[in-house]
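Inspection log for the structure reproduced underneath, given as structure tokens.
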Amino acid sequence: MNKKQKLLISACLMGENVKYNGGNNLIKDLESLSQKYKLISFCPEVASGMTIPRIPNEVQSFNPLVVKNELGIDTTDFFTDGAIQTLQLCKQYDIKIALLKAKSPSCGNIEIYDGNFDGTLIKGQGLTANLLMQNNIKIYNETQLGELL
Ligand code: SF4
């Protein structure tokens, strides 16, 4: 019997209550996904020690790299640590693909919020998605699920 391919998945997409507001982003197709892949869930923000719930964060700039929460507190170290831990997990389990939550300052793979906390999106990746991409891990978000199934 063929072994299922491993797929890293944002913990909030698995229905775990790890979002900044204490909720989740459970996806409908989890059953089909789990039939095809061995799912390994992870939340970089919680892994780095951030609380649930937590104040929303947005990337302020990439060069220099700065992430702040809505109160203006610098949280860059948490986001960097979460990204590194996620990459270590992928290396440990030889994970080559990931399904990550769109628009998140950690997990977003195409767009993120612009840093002004007003809902404006810009092209770019969250810190975790960016680090995984740099290490040749293919990233999908929940709107691209069809490509995985
Ligand atoms: S960091 Fe990623 S996994 Fe964690 S709550 Fe945010 S989007 Fe979900």
(request) Would you mind checking the tilt of helix 76-93 against the longest principal axis of the Cα atoms of the chain, expressed as 0 to 90 degrees and rounded to 10? (result) 10
(message) For a quick check, take a GNM of the chain with Cα springs below 10 Å and name the residue from LEU99, LEU127, LEU26 with the largest mean-square fluctuation.
(response) LEU26
(request) Determine the percent antiparallel among the DSSP beta bridges restricted to the chain, to the nearest 5. (result) 40
(request) Can you grab the distance from the C-alpha centre of the range 1-53 to the C-alpha centre of the range 59-115, Å, no decimals? (result) 15
(message) At 222 nm, what value in deg cm²/dmol follows for the chain if DSSP H runs of at least 4 each add -39500 (n - 2.57) and the sum is divided by all its residues, to the nearest 500?
(response) -7000 deg cm²/dmol
(request) Might you tell me the accessible area per residue for the chain, computed with a 1.4 Å probe and given in Å²? (result) 54
(message) Less than 15 Å Cβ to Cβ from SER32, Lys/Arg counted +1 and Asp/Glu -1: what total charge do the surrounding residues give?
(response) 0
(message) If I take all pairs of Cα atoms in the range 5-147, what percentage of them are more than 23 Å from each other?
(response) 28
(request) Describe numerically, in nm with one decimal, the distance between label points set 7 Å from Cα along Cα→Cβ at SER41 and at LYS3. (result) 2.3
(request) Set the Förster distance to 30 Å, then compute FRET efficiency between THR51 and LYS96 from the Cβ-Cβ distance, nearest 0.05. (result) 0.45
(message) At 1.4 Å probe size, with the rest of the protein present, what percent of the exposed accessible area of the chain is carbon and sulfur atoms?
(response) 50
(message) Compute, for the range 5-147, the length of the dipole vector about the Cα centre, with Cβ point charges of +1 (Lys, Arg) and -1 (Asp, Glu) only. Units Debye, rounded to 20.
(response) 460
(message) List residues of the range 53-87, by number, whose backbone nitrogen lies under 18 Å from a label position 7 Å along Cα→C-beta of ASP118.
(response) 57-61, 68-72
(request) Among the listed pairs LYS28/LYS68; LYS68/LYS101; LYS4/LYS123; LYS3/LYS123; LYS36/LYS68, give every one whose C-alpha distance is greater than 29 Å. (result) LYS28/LYS68; LYS4/LYS123; LYS3/LYS123; LYS36/LYS68
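The values are calculated or read from the model by the stated rules, or taken from the named source; none is laboratory data. Just so we're clear, the structure is a prediction, and the values are computed from it rather than from any experiment. We place every Cβ from the backbone using ideal geometry, glycine too, and count neighbours over all the protein chains shown. Protein only, heavy atoms only, side chains kept; ligands, DNA and RNA dropped before computing areas. Shrake-Rupley method; radii C 1.70, N 1.55, O 1.52, S 1.80 Å.
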